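Just so you know, all these numbers are worked out from the coordinates, no wet-lab data involved. Everything numeric here is computed off the predicted structure, so don't read it as measured data. Here the Cβ positions follow ideal geometry from the backbone for every residue, glycine too, while neighbour counts run over all protein chains shown.
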Amino acid sequence: MSASGIAPDSQARRALTRLAEWPAIQIVAAGCGSGVGVGLAADPRQILHLHSDREAELCLTRTAIDRLHDALAETGAVGEAADGDWATVLLDNDRDIDLLLSLLSVALKAHAADGDRPLPPCSIQFAAQSATPARRRRRPRFSVRPHRP
Ligand SMILES: [Zn+2]
């Protein structure tokens with residue numbers, strides 16, 4: 001397995017080691033180009049990205065984030081990312097890894113119900129798309145001169 005950019009003694013590596021014991025899980029290079037992507041072997045969508053040694057991003061879905069909002073806020077380790085379907089999880093200790101794996105279970109259930117609908121972009125893909133010419137072309141509408149009588 002190529003785990004690009006994840007240090008051997010990091011929390012992200014510990015999470016990957018535990019994930020490798022899960023059945024039907026596939027761990028590959030992240031589709032966004034940063035770190036490691038995790039999904040089901042039978043499903044090409046990567047619902048978890050480990051972008052760095054101590055930060056994961058999980059496509060938890062807007063519905064699940066809204067439902068779990070108070071519990072997520074209490075953890076102090078989870079934040080919203082990208083367009084609101086993704087959540088970041090900071091990995092500082094074993095408790096955070098437990099939390100990440102619990103949330104991954106929630107995410108897997110959430111995505112099992114949505115068929116093979118493509119995932120929204122993670123924050124890195126979102127930032128890259130925001131810099132595309134198509135997005136930039138829309139910008140001039142803000143620079144239209146005010147009408148002068
Ligand atoms: Zn990503």
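The table below lists the values:
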| item | result |
| --- | --- |
| Computed lengthening from residue 42 to residue 83, 0.36 nm per intervening residue step minus Cα-Cα distance | 12.2 nm |
| Projected area averaged over orientations for the stretch 11-140, convex hull of C-alpha atoms, nm² | 8.4 |
| Nearest-0.05 FRET efficiency for residue 128 and residue 63, computed from C-beta distance (R0 25 Å) | 0.45 |
| Gained length - residue 28 relative to residue 109, 0.36 nm times residue gap less alpha-carbon distance | 27.1 nm |
